[in-house]
Structure formats: C-alpha cells, structure tokens
1. Could you give P(r) for the chain, binned at 5 Å from zero, as whole percent values over all Cα-Cα pairs?
2. What is the magnitude of the charge dipole of the chain about its Cα centre, with +1 placed on the Cβ of each Lys and Arg, -1 on the Cβ of each Asp and Glu, and no other charges, expressed in debye to the nearest 20?
3. If you take every residue apart from Leu144 with its C-beta less than 13 Å away from the C-beta of Leu144, what net charge results, scoring Lys and Arg +1 and Asp and Glu -1?
4. Counting heavy atoms of the protein chains only and a 1.4 Å probe, report the per residue accessible area for the chain as a whole number of Å².
5. Taking H as built 1.01 Å from N, whose amide H comes closer than 5 Å to the amide H of Ser29, not counting residues under 5 places away?
6. Rounded to a whole number, what % of the accessible area of the chain do carbon and sulfur atoms account for, probe 1.4 Å?
7. If you average the alpha carbon positions of the range 106-177 and of the range 1-59, how far apart do those two centres end up, in angstrom?
8. If you look for lysine pairs in the chain that are eight or more places apart or on different chains, how many of them have Cα atoms under 17 Å apart?
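The values are calculated or read from the model by the stated rules, or taken from the named source; none is laboratory data. Worth saying up front: this structure is predicted, and the values here are computed from it rather than measured. Methodologically, a virtual Cβ is constructed for each residue, glycine included, from the backbone with ideal geometry; neighbour enumeration extends over all protein chains shown. Note: accessible area is taken over every heavy atom of the protein model, side chains too, but ligands, DNA and RNA are not part of it. Shrake-Rupley method; radii C 1.70, N 1.55, O 1.52, S 1.80 Å.
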Amino acid sequence: MGMKWFGRVVLLLYAVIIAAPLYFVFISSFKSTQHFFASPLGWPKPFTVSNFTSMFKGQTIIKYFWNSVEVTLGTVLIELLLGSLVAYAIFRLGGRLAAILFALFLAGLIVPSQVNMLPIYSLTHKLGWSDKLYGLILVSVAMLMPLTVFMLKGFMQVLSKEILEAGSIDGAGEWTLYSRFALPLSAPSLAATATFLFVMVWNDLLIPMLLINSKSKLTLPLAMLQFRGEYVTDYPMLLTGVVITAAPMVVLFLFLQRYFVAGVMAGSLKG
C-alpha cells in the first residue's frame, strides 16, 4: 500500500511539473503586456484576446502557418515512404548485409546535427536550395532518415515472415508484399513514427534558421523570434505564438494517440 501511494504522489508531482508551464503559457496569451509584468502567474485581468487578433492581423501568421504545414507534411510523407522502404529492405534481406546497412544508418545517429551545419549550409548554397522551402524539406528528410530507419526497422520486426513467404509462394513480388502486406500491417507503427516526426519537424528551429532568409518563407518557430527585440521582448505575443504553434500538435496527438500507443507497444513487445 505504501509503495502504491508513493507512486501516485510521484505521478502527481510529475503532472504538476508538466502542467505548470502549460498553465503559464496559456494564461499569458490572454494578458496585456502591462498585466503580464505586473502579475506573471495571476489570472488575466482583464481577459483579452487582443494578442490573438493582433497575431492574425494582416494574415502574416497564416502565411507562416502554411509554410510550416508545407514543410512538415512534405518532410513526414517523404520520410515515411523512404524510411519504410529502407526498413523493409533491411528486414527482408537479413544476414550480414542487412546488419551492415543498418549499422551505416545508425552511424548517422552518432554525429550531433550541429556538427553538420557548416557542410549542410555550403552544400545547399551550391545546389541553390538556400532560402527554398523544398530545400528545407530535403535537408530535413536527409537528417531525420537515420532516426526513421532505426524506428521503423524495429517496428518491422513484428511482421510475420510466414505471411510474406506465403505471399511470395502465391506469386507476389516484393513491391506487392511491401505495399499490400507490410504497410497495412505496420499502420500503427507508421502512425507512431509520423507523430514523432511531425513534432520534431514542426518545432524545428535550427535548420530553418540556417537555410531560410526571406521573411515570407519563415516557419512558425522561426517567426516567433520576431517578438524578441534587442532590449525588450513582447512576452504575451511570443507566448500567444507558442499557443498557436502548439495547437496543431495537440490536435494531431488527440486523433492519433490510439495508433501511437499501439505502435510503440508493437515495437517494444518484439524484444
């Protein structure tokens, strides 16, 4: 009984630690600048939505929002397609060759992404991808590929080799086995990976900061830096932008949480 209550207290403390920053960000988005500095943790008095109306005034934030949508969806879709193909190929090959290929992708996880910034900037500049959204998508795909292959390869291990072998006996080619058997059976795992990738790309600041220069092509996290001045930071507007930026991730997780949990469990049960 004592350990049971101890676990509950630990979970309660953890929930408070998670909820406190969320509460602070949410209530601050409905405060004026004067009230924010006068009472940072207090309830908004008066309760105002002027920060949201100012944010959407001129529809600039909508442009940044769609830039983030384009980059995130483009990256996640390409990443899932290529990553699932590589993971399926490694799973089907087996043996030493598969182990070598998998080790090469794992090597990409060892080097910190910050170390690659200079060669990435130089390469994208030479290829003409700088300040292009498609360049940002391609670079994001390349940098996330080792992680995607690592995740999907583990998920692919739960596939029944007997089903694939039965399909091969019936005359199905590898593309048919991949598209009609492997992908449908891996749907929860793909959804879990897609959710994880969506959060990473949507919140990414480093790569857009490196590649994007034009104001019209800013993504939402990069656009939030506009509210930080040299001497003064407009915190209510900045936190309003954080709420707007976080809203799609919350909605996505609410819709895909069942698949996310199923996919994670599928990948863990195999081991």
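1. Bins of 5 Å from zero give 1, 5, 10, 12, 14, 13, 13, 11, 9, 6, 3, 2, 1, 0, 0 percent of pairs.
2. Values: 18 positive and 10 negative charges, 87 e Å.
The calculated dipole for the chain is roughly 420 debye.
3. Numbers: positive: none; negative: Glu79, Asp204.
Net charge around Leu144: -2.
4. Values: 15880 Å² over 271 residues.
About 59 Å² of surface per residue is accessible.
5. It is none; the list stays empty.
6. Numbers: 11430 of 15880 Å².
About 72 percent, which is the carbon plus sulfur part of the accessible surface.
7. Using only Cα atoms to place each centre, the spacing works out to 37 Å.
8. Here the count comes out as 10.
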